[in-house]
Amino acid sequence: MIEARGLTKRYGGKVAVDDLSFTVRPGVVTGFLGPNGAGKSTTMRMILGLDRPTRGTVLVDGRHYRDLASPARHVGALLESRAIHTGRSARDHLLALAHTHGIPRRRVEEVIDLVGLREVARKRAGGFSLGMGQRLGIASALLGDPGTLVLDEPVNGLDPEGVRWIRDLLRGLAAEGRTILLSSHLMSEMAMTATDLIVVGRGRLIQETTVEEFTRGASGNRVHVRSPQAAELAELAAREGATVTYSAALAGMGSTAAASGLEAARGSEADAIEVAGLPSERIGELARTYGIALYELTPRLASLEEAFMDITRDAVEFTTAAPATSEGTR
């Protein structure tokens, strides 16, 4: 278990982490999310004793990292996959780590097989691709067979097979009761891997929740509806205060239903709408009352990416400018 309480880190006048408290519990994969500059890497470094908190504390299994007698056997970490001696082979790199931490040689061979580096184990790590470097970094993290893993962007550079492999590996390790903290910008992959979430922005905690609760909270009571009388149902829902969006197939629209939009819908053969702000039960009642046939009535959860973008909108430190229009560049 990882426990952070009031964790704060200042660099001069800049606050990188601000009074951050959270718990990473064993038995599940916990995703660590936040925009660039949110303080994720600094937090991970403080967990591992690489940075000293200005204030607050962070414990691994009830102890500071610096107090662990054999850290590699308690915590495995991947913060920078390229933190290797480029002139050494993958096996020699792992052997050096094993010797330092009193880990038997047989464990080196086990992790080489586990991460799929057997065929390149004797090659110099400096010539590795980004994906192979990631696998070596993961092997280093797993070397001590630790109960806790702290991984920063572990799927970076991996091919689809490798991404699926690391997903299954982390789920399997969590099922064994291990504590896993995983940071990644790949929201689709995080949604399939993590159970719990810690979301931060500008160094502060935004939410500590589960993936399911996080996406449900951002869904805004949205319902996907298909009906041969979609335009009529959309008008009824709009009268009830709902926001209705037509699918791209419906006259190429994607805007909130208005009078002109409803007129366009009536002349279209498309049958799909999305209703926000009205529960599916009420939509079904409207359909029954007005004799409207329903093909589909499905509550729609926001994707993890949609939920993340929505909740961190005000916490983004680095934003990109909107692309200039042709008129704006003249």
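The values are calculated or read from the model by the stated rules, or taken from the named source; none is laboratory data. Fair warning: this is a prediction, and the values are worked out from it, not measured in the lab. Positions of Cβ are generated from backbone atoms using ideal geometry, with glycine treated the same way; all protein chains shown enter the neighbour counts.
Just one of (1) at pLDDT 95 or above; (2) surrounded by fewer than 23 Cβ atoms within 10 Å (Cβ to Cβ); (3) not in a loop (DSSP other than H, G, I, E, B) trips up HIS99, so point out which. For HIS99, the failing item is (1).
Within segment 151-172, the residues that satisfy the criterion of being surrounded by fewer than 19 Cβ atoms within 10 Å (Cβ to Cβ) and more than 14 Å from the chain's Cα centre (by Cα) are GLY157, ASP159, PRO160, GLU161, ARG164, TRP165, ASP168, LEU169, ARG171, GLY172. You will find that of LEU136, LEU130, the residue that is hydrophobic (A, V, I, L, M, F, W, C) and either surrounded by fewer than 22 Cβ atoms within 10 Å (Cβ to Cβ) or more than 24 Å from ASP159 (Cβ to Cβ) (or both) is LEU130 and no other.
Taking segment 75-94 as the search range and keeping residues that are part of a loop (DSSP other than H, G, I, E, B) and of a type outside the set (Ser, Thr, Tyr), which one is surrounded by the most Cβ atoms within 10 Å (Cβ to Cβ)? Full working, then the answer.
Here is the first cut: in segment 75-94, the residues part of a loop (DSSP other than H, G, I, E, B) are 79-88.
Filter once more, keeping what is of a type outside the set (Ser, Thr, Tyr): 79-80, 82-85, 87-88.
On the way: LEU79: 17, GLU80: 12, ARG82: 13, ALA83: 10, ILE84: 21, HIS85: 12, GLY87: 10, ARG88: 15.
So the residue we want is ILE84.
Just to be sure before I move on: is SER41 in contact (Cβ under 8 Å) with a residue 60 or more places away in the chain, assigned to a helix (DSSP H, G or I) and among the hydroxyl-bearing types (Ser, Thr, Tyr) in the structure I sent? Here the answer is yes, as SER41 does meet what is asked. Restricting attention to segment 102-117 and to residues that are part of a helix (DSSP H, G or I) and under 21 Å from VAL155 (Cβ atoms), the residue that is nearest to the chain's Cα centre (by Cα) turns out to be LEU114.
What are the residues in segment 51-79 that are more than 18 Å from PRO146 (Cβ to Cβ) and either in contact (Cβ under 8 Å) with a residue 24 or more places away in the chain or outside the structural domain of VAL150 (by TED's automatic domain parsing) (or both), if any? Walk me through it before giving the result.
Residues of segment 51-79 that are more than 18 Å from PRO146 (Cβ to Cβ), as a first pass: 51-57.
If the condition is that a residue be more than 18 Å from PRO146 (Cβ to Cβ) and either in contact (Cβ under 8 Å) with a residue 24 or more places away in the chain or outside the structural domain of VAL150 (by TED's automatic domain parsing) (or both), then ASP51, PRO53, THR54, ARG55, GLY56, THR57 are the ones that fit.
Looking across segment 210-249 at every residue that is surrounded by fewer than 18 Cβ atoms within 10 Å (Cβ to Cβ) and among the hydrophobic types (A, V, I, L, M, F, W, C), the one that is modelled with the highest pLDDT is identified as ALA248. The residues on offer are LEU286, LEU205, and the sole one that is at pLDDT 90 or above, buried (at least 17 other Cβ atoms within 10 Å of the Cβ) and assigned by TED's automatic domain parsing to the domain that holds HIS185 is LEU205. Within segment 4-21, the set of residues being more than 18 Å from PRO35 (Cα to Cα) and among the charged types (D, E, K, R) comprises ARG5, ARG10.
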